[in-house]
Amino acid sequence: MLFNSFIFIIFLCVVVPLALWLPRRPRNVFLLIASYFFYGYWDWRFLSLLFVSTIIDYVAARAIAATDDPRRRKRFLLLSLASNLGLLGTFKYFNFFVDSFARVAAHFGTNLDFLHLNIILPVGISFYTFQTLSYTIDVYRGKMAPTRNLLNFALYVAFFPQLVAGPIERAIHLLPQVENMRRPSRADLSEGMALITVGMFRKVIIGDTCGRYVDHIFSGPTYYSSSELLSALLLFSLQIYADFSGYSSIARGTARLLGVDLMENFNQPYLAANITEFWRRWHISLSTWLRDYLYIPLGGNRKGPKRTYVNLFATMLLGGLWHGANWTFVFWGGLHGGYLAVHKFMLKARKPDERLNYTGLASLLTFVAKVTGTYLIVLLAWLFFRSRDFTTAFYILKKIVAWSPGGFSARFAVIVLTYSVANLVLDLSEYVTRDHAFPLRTAPRFRWGIYLAAWTIIFMYMFQAKPMPFIYFQF
Amino acid sequence: MRRIAKSMFGFGLAFVGAMVLLELFLRLSGAGTPSFVISDPRLGVAFRPGANFVFFTEGMYLGGVNKYGYLGPAYPPKKESGVLRVALLGDSFIEGFQLFDRFHLRTVLENELNRMGPRHAEVMNFGYSGFDLGLMYYHFTEVVEKFSPDVALFFVGQDDMAENGEGFGPIFSAVNDSVRVDLSFAQSARYKRSMKLRLVHRLALYSMARNVYLRVQEGGAPGILLGKVYDWFHPGARKETPEPVGGKDNFWPLNKAIFDALAVENRSGKIRIAVVEKRPISAAYREYIRSVGIPVYDLQPVFDALKQRGIRYNYWPGSGSIGHWNFNAHEAIGEYLAPLVNELAPPPGKPGDAKQ
């Protein structure tokens with residue numbers, strides 16, 4: 001069920017009032033049923049995977065906590081790791097590795113195509129497997145006690161606002177809220193409405209509309225000029241941000257309507273002044289997950305500078321692989337790993353800059369230069385993220401670098417500028433107010449007028465266009 | 001009371017202000033397109049001269065209507081001497097709002113003709129979505145002939161044959177083997193309403209609202225609102241049924257009259273007319289068209305050649321849809337037609353020149 005669909009709005013209009021009316025225990029049962037319905041709407045067959053993952057991690061965590069024997073504890077942790085990563089590996093990566101291996105084998109005259117399986121990638125599998133893994137690992141590390149309530153744990157795993165595309169919630173943060181589900185206050189409802197409105201506007205009006213240009217140009221790059229290809233790349237950087245941050249906003253807003261607080265997943269990443277800061281602002285739930293469960297266990301920055309750079313690179317490489325079963329995603333991750341390693345080397349012991357500290361025009365210009373530089377290296381990496389293969393990526397890169405002035409369209413420049421300004425206005429509103437629900441800063445009479453305008457155009461667009469799925473659903 | 005009035009005023013101001021900004025955003029970003037057609041008392045609907053827009057179908061179009069009201073470069077009505085002018089007439093396949101003008105068969109044909117020489121060629125796109133043969137013919141007599149084309153290519157398939165049905169625009173009928181045009185639509189309430197709303201039509205928001213209205217009218221609302229839930233209760237309801245292709249049909253007299261009229265133009269020596277089969281037409285129509293001296297060019301060999309090269313001529317990877325001709329098809333058709341056009345209207349002094 002897509003957030004940007006009428007059926008989801010109808011679903012929300014039924015689920016939220018009913019959930020608020022029910023007492024706590026039946027409310028959790030109802031929300032669990034609603035969450036399973038939400039997930040099963042895609043394809044009911046995948047409910048079994050969700051259920052199995054839930055049961056295994058619930059049992060494994062309780063077994064880990066029930067014993068002091070380190071070997072038994074490790075065995076149950078390995079059970080959780082094996083089942084979650086096994087699910088992920090089978091459904092997401094099996095064909096990728098088989099096909100890659102088959103391409104190499106073909107050079108030696110061996111045909112391994114028969115190993116390719118006909119598998120559909122279950123929606124959200126990358127998210128909920130990481131979420132449940134974080135739970136068992138935290139229990140293993142002694143950071144939290146396992147829950148004794150299977151229903152609450154199942155709801156933590158399957159909570160529909162964040163089930164299919166995050167944020168990847170830590171059990172320490174979400175499970176207590178599920179176990180002590182409170183009724184939302186008026187402030188929660190206002191904030192929820194603001195977050196959903198901003199999220200839908202970003203996703204539907206900015207993300208989906210600029211995505212159409214991107215899809216057409218990237219599907220046939222040989223037909224387009226240097227300026228058109230560059231425009232498509234710039235628009236993709238806006239599309240993926242609007243799409244994913246819009247989704248996260250809707251997820252947070254929806255959860256808020258149920259009295260649940262989900263973590264922020266984006267914090268105006270394109271206003272980051274360096275790459276380290278970018279990763280503190282982009283897909284925060286994933287970057288912190290990778291930091292806590294991969295980078296730090298690998299040694300983090302505790303084993304000397306060279307090992308630090310290797311750990312950074314390896315973590316980002318695997319982070320790239322998490323995004324998709326294609327070598328272009330791995331390359332994208334590797335690029336970011338390289339950027340982070342270089343930045344770490346440059347920083348030495350200094351902390352990365354954070355927000356703009358305005359002391360005059362020079363400080364502003366320096367900030368703008370740093371933000372622009374960071375954006376450009378991120379943009380280069382996006383090229384590989386979006387391209388279906390390296391041939392396409394390098395073709396586009398070559399055509400942009402060896403710039404030919406022909407085919408320049410002022411109209412395209414206006415299109416890119418318009419989307420950039422729209423995105424910047426939303427980001428600056430969040431940046432200045434330090435609040436994703438910034439519409440709440442306006443007086444109610446103005447706010448409701450703006451809401452009505454926003455929802456009018458959102459509904460009209462949703463009605464006339466086929467809903468585009470969220471980009472991160474494919475991960 | 002004052003507080004309520006103040007609140008209502010603030011609400012209204014914010015709503016209107018936000019809608020103005022959204023209108024600006026839609027126009028500049030191309031996310032919404034103001035109407036680029038206008039009501040016309042003779043033609044029914046016509047392109048709005050000077051309109052500039054973005055249009056998404058299976059593909060993507062960025063361009064506009066030139067100052068003379070047709071698509072592509074603005075070649076003026078007065079043709080320079082020695083220039084070969086070719087007019088393309090057809091429906092959405094010729095209109096080509098799936099790709100930029102530089103990829104359109106218009107441009108390919110023009111470039112090929114210029115390459116082949118010796119004359120300078122101008123190819124003009126008079127395609128219009130939804131045109132059938134009746135509207136193509138009428139447009140030819142009312143608009144295209146004013147540009148003095150040397151060649152006019154009518155792109156038709158069996159489903160494009162004229163029907164004297166009701167619609168918003170001229171209604172055609174065959175009377176004593178001649179084409180009669182009924183322009184009474186210009187007196188209709190619908191036409192008068194569209195004239196009153198012509199400024200509103202130029203709002204992108206209005207276009208969006210109109211699209212919503214049309215989808216509701218088509219009965220698409222339940223499916224859109226309920227998604228899969230609707231499909232569960234109405235399996236197969238949203239699937240399209242294919243159109244049958246027939247032989248002679250109920251509208252044979254009208255189409256015969258149109259081809260007879262075109263044949264008269266063809267024999268006049270001022271213009272050469274040909275029919276291009278964009279989709280198969282019945283043998284009966286094909287034989288008749290040839291019998292009145294109008295050549296019929298079949299595009300099927302072009303599509304077959306593309307298929308043999310493993311190219312799907314109507315597949316659009318960007319949208320994942322099948323529909324109108326894609327880049328490969330336009331290129332192949334333009335290249336295919338160039339020598340045929342030269343044969344149809346050879347340069348002065350060459351064999352076959354009608355003026356010899």
Checklist entry - When the residues of the range B:78-111 are filtered to those that are of a type in the set (D, E, K, R) and open to solvent by less than 40 Å² (accessible area, probe 1.4 Å), which remaining residue is farthest from residue B:46 (Cα to Cα)? => result B:110
Next on the checklist: Step by step: first the residues of the range A:40-78, then only those that are under 23 Å from the mean Cα position of the chain (by Cα) and among the hydrophobic types (A, V, I, L, M, F, W, C), then the one that is most open to solvent (accessible area, probe 1.4 Å). Which residue is that?
Outcome noted: A:51
Checklist entry - Do we have any residue at all in the range A:191-207 that's on the phi < 0 side of the Ramachandran plot, surrounded by fewer than 21 Cβ atoms within 10 Å (Cβ to Cβ) and assigned to a helix (DSSP H, G or I)? => result yes
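Could you list, in sequence order, all residues of the range A:16-39 that are touching a residue at least 60 places away in the same chain (Cβ under 8 Å) and either open to solvent by 20 Å² or more (accessible area, probe 1.4 Å) or away from chain B (no Cβ under 14 Å) (or both)?
A:16, A:19, A:20, A:24, A:27, A:28, A:29, A:31, A:32, A:34, A:35, A:36
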Next on the checklist: One residue is enough: does the range B:321-341 have a residue meeting the conditions over 23 Å from the mean Cα position of the chain (by Cα) and more than 14 Å from chain A (Cβ to nearest Cβ)?
Outcome noted: yes
Checklist entry - Can you name every residue in the range A:208-219 that is open to solvent by less than 10 Å² (accessible area, probe 1.4 Å) and either under 20 Å from the mean Cα position of the chain (by Cα) or polar (S, T, N, Q) (or both)? => result A:208, A:209, A:210, A:211, A:214
Checklist entry - From the set of residues in the range B:4-45 that are open to solvent by less than 20 Å² (accessible area, probe 1.4 Å) and touching a Gly at 6+ places or on another chain (Cβ under 6 Å), which is nearest to residue B:71 (Cα to Cα)? => result B:44
Checklist entry - Any residue at all in the range A:126-147 that is buried (at least 19 other Cβ atoms within 10 Å of the Cβ), touching a residue at least 12 places away in the same chain (Cβ under 8 Å) and part of a loop (DSSP other than H, G, I, E, B)? => result yes
Item to check | Residue, farthest from the other protein chains (Cβ to nearest Cβ), within the range A:439-457, restricted to residues that are surrounded by fewer than 18 Cβ atoms within 10 Å (Cβ to Cβ) and touching a residue at least 60 places away in the same chain (Cβ under 8 Å) | outcome: A:440
Checklist outcome for this item: The one condition residue A:411 fails out of (1) away from every other protein chain (no Cβ under 14 Å); (2) open to solvent by 50 Å² or more (accessible area, probe 1.4 Å); (3) outside any loop (DSSP other than H, G, I, E, B); (4) modelled with pLDDT under 95 is (1)
Item to check | Single residue of the range B:277-291 satisfying the filter (closer than 19 Å to residue B:91 by Cβ and without any contact (Cβ under 8 Å) to a residue 40 or more places away in the chain) that is most open to solvent (accessible area, probe 1.4 Å) | outcome: B:286
Checklist outcome for this item: Note on the range A:183-225: residues under 25 Å from residue A:438 (Cα atoms) and within 9 Å of chain B (Cβ to nearest Cβ) are A:205, A:206, A:208, A:209, A:210
Next on the checklist: Given the condition open to solvent by 10 Å² or more (accessible area, probe 1.4 Å), among the aliphatic types (A, V, I, L, M) and within 29 Å of residue A:442 (Cβ to Cβ), answer yes or no: does some residue in the range A:174-189 qualify?
Outcome noted: yes
Checklist entry - So residue B:68 fits all but one of (1) more than 10 Å from chain A (Cβ to nearest Cβ); (2) open to solvent by less than 50 Å² (accessible area, probe 1.4 Å); (3) within 17 Å of the chain's Cα centre (by Cα); (4) not small (Gly, Ala, Ser); what number is the exception? => result (2)
Checklist outcome for this item: Taking the range B:191-222 and keeping residues over 30 Å from residue B:29 (Cβ atoms), open to solvent by 30 Å² or more (accessible area, probe 1.4 Å) and either under 22 Å from the mean Cα position of the chain (by Cα) or within 14 Å of chain A (Cβ to nearest Cβ) (or both) leaves B:219, B:222
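For every residue, the table says whether it meets (1) closer than 28 Å to residue A:250 by Cα; (2) outside any helix (DSSP H, G or I).
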| position | (1), (2) |
| --- | --- |
| A:1 | yes, yes |
| A:19 | yes, no |
| A:26 | yes, no |
| A:32 | yes, no |
| A:45 | yes, no |
| A:57 | yes, no |
| A:62 | no, no |
| A:95 | no, no |
| A:111 | no, yes |
Checklist entry - Are any residues in the range A:232-271 surrounded by fewer than 24 Cβ atoms within 10 Å (Cβ to Cβ), within 14 Å of chain B (Cβ to nearest Cβ) and more than 14 Å from residue A:471 (Cβ to Cβ), and if so, which ones? => result A:234
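The values are calculated or read from the model by the stated rules, or taken from the named source; none is laboratory data. Keep in mind that this is a model prediction, so the values were computed, not measured. FYI the Cβ positions are ideal-geometry reconstructions off the backbone, even for glycines, and counts take in every protein chain you see. Note: accessible area is taken over every heavy atom of the protein model, side chains too, but ligands, DNA and RNA are not part of it. Shrake-Rupley method; radii C 1.70, N 1.55, O 1.52, S 1.80 Å.
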